[in-house]
Amino acid sequence: MKKTAAAGLALAASSIALAQSSVTIYGTVDLYMAFVKSGGASSRRLEDGGQTASRLGFRGAEDLGGGLGAHFTLESGFAPDTGNGTLPGPAMSFSRQSFVGLSGPWGQIDAGRMYTPMFYALFKADPYGINSVFSPINLVAATDAQPGLTPFAARASNMVRYRTPASSDFFADIAYAPGEASAPSHQSGNFLGGSVGWARKPYYVAYAFQRARSGSAAAPVAEPATSTYQSLSGAYELPGIGLQLYANYVRNTSSLPKVPAAKLASLGLTYNVTPVSNLMFEATQRKVDDTGRSQLGWTLGYDYYLSKRTVLYARWLRLLNRHGASATLATVAVVPDSGNGVRVMAAGIRHNF
């Protein structure tokens, strides 16, 4: 009996010794100075996240043997100009990402708060990576002239997600988040999203969708409204000349009566001017069916890399609101139903660690 127990302990110790684990602290500090204008109001401001949102994160991984691994990510946003947390702030919290999962030859499964599959599909076909400040494709989250539509979700809480292996050219990504409502709904507050595509340089193409029902655990509803987003995304890299082309098409609908659908289209490019500098441009148009309200936004950008971790950048953004529309970009306040546009000129610095 003692020999058997000793053998078991020896085996367990051997297994623990074989397991290799690591924890990484990482982050980004990004600040820019900008002149902003909308209608008759203008200001100068120092803000966070003009190239990449500032963050502090912890990432861990453990090799469990046999091709199986465990991992986690905890990521918090913050504003370097004030030191306060973001999303929503002012306290620091792991609201950017907080999940744990397993990976193997079969793919990866995670649970927690994460980016949605549709976010990743759009991210790979946007020269600005859906940067929350200067990427014009953030008009996908606008609900101008669509009252009751649930805004596009870049992240979702309480989510379980499966992804195919990163080594495969074909990819699939599926996620589900229960609304956690005890009553009285029929799936009040739940979320479903997914994407499929093909990614092998120089090509990238993807279809994605997300469907969100209104209501929450704190305020469930009996007859939730359903908001649905669908997208087609593509990118192509021209070998040898340093040019990447991007395109997206998005359409959203609501189950609510008299809420019109909307469509969004974007075209963008990145040109590698030198080995350490990039020029980017993207234009996005959003139109709401059966109304005259629409937006046209564009951003011209330039990045100059001082090193692999530090970059200086400049951005010029314009947003036009037509027929009384009042969508916004770059967190600039727009007077409701005014038709006022947005202008931003900015220069900043970003450092990764």
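Tabulated data
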{"quantity": "Region 172-200: number of residues that are assigned to a strand (DSSP E or B) and either among the charged types (D, E, K, R) or under 18 Å from the mean Cα position of the chain (by Cα) (or both)", "calculated": "14"}
{"quantity": "Qualifying positions in region 204-226 - of a type in the set (A, V, I, L, M), under 21 Å from the mean Cα position of the chain (by Cα) and open to solvent by less than 40 Å² (accessible area, probe 1.4 Å)", "calculated": "206, 208, 212"}
{"quantity": "So residue 218, is it at pLDDT below 95, of a type in the set (A, V, I, L, M) and part of a loop (DSSP other than H, G, I, E, B)", "calculated": "yes"}
{"quantity": "Single unsatisfied condition, residue 177 versus (1) open to solvent by 40 Å² or more (accessible area, probe 1.4 Å); (2) of a type outside the set (D, E, K, R); (3) without any contact (Cβ under 8 Å) to a residue 24 or more places away in the chain", "calculated": "(1)"}
{"quantity": "Filter pass, residue 236 being open to solvent by 70 Å² or more (accessible area, probe 1.4 Å) and of a type outside the set (A, V, I, L, M, F, W, C)", "calculated": "yes"}
{"quantity": "Single condition residue 258 does not satisfy, out of (1) at pLDDT below 95; (2) surrounded by 14 or more Cβ atoms within 10 Å (Cβ to Cβ)", "calculated": "(2)"}
{"quantity": "Meets criteria (more than 19 Å from residue 34 (Cα to Cα) and surrounded by 15 or more Cβ atoms within 10 Å (Cβ to Cβ)) for residue 300", "calculated": "no"}
{"quantity": "Every residue from region 272-301 that is among the polar types (S, T, N, Q) and outside any loop (DSSP other than H, G, I, E, B)", "calculated": "272, 274, 277, 278, 284, 285, 294, 295, 299"}
{"quantity": "Flag if residue 140 is under 28 Å from residue 260 (Cβ atoms), β-branched (Val, Ile, Thr) and either modelled with pLDDT of 95 or more or in contact with an Asp or Glu (Cβ under 7 Å, 6 or more places away or on another chain) (or both)", "calculated": "yes"}
{"quantity": "Every residue from region 106-143 that is in a helix (DSSP H, G or I), closer than 17 Å to residue 333 by Cα and not polar (S, T, N, Q)", "calculated": "136, 139, 141"}
{"quantity": "Criterion violated by residue 318 - all others in (1) touching a strand residue (DSSP E or B) at 6+ places or on another chain (Cβ under 8 Å); (2) touching a residue at least 60 places away in the same chain (Cβ under 8 Å) satisfied", "calculated": "(2)"}
{"quantity": "Condition broken by residue 193, with the remaining ones in (1) touching a residue at least 40 places away in the same chain (Cβ under 8 Å); (2) under 30 Å from residue 240 (Cβ atoms); (3) among the small types (Gly, Ala, Ser) satisfied", "calculated": "(2)"}
{"quantity": "Set 252, 190, 272, 278: member being more than 16 Å from residue 119 (Cβ to Cβ) and open to solvent by less than 20 Å² (accessible area, probe 1.4 Å)", "calculated": "190"}
{"quantity": "Listing of strands (runs of 3 or more DSSP E) fully contained in region 6-84 that carry 1 or more residues being modelled with pLDDT of 95 or more and loosely packed, with under 13 Cβ neighbours inside 10 Å", "calculated": "20-38, 41-48, 55-65"}
{"quantity": "Test: residue 352 is closer than 19 Å to residue 53 by Cα and open to solvent by 40 Å² or more (accessible area, probe 1.4 Å)", "calculated": "yes"}
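The values are calculated or read from the model by the stated rules, or taken from the named source; none is laboratory data. Model, not experiment: these values are computed from the prediction. Note that each Cβ is placed from the backbone with ideal geometry, even for glycine, and that neighbours are counted across all protein chains shown. Accessible surface areas use protein heavy atoms only, side chains included; no ligands, DNA or RNA. Shrake-Rupley method; radii C 1.70, N 1.55, O 1.52, S 1.80 Å.
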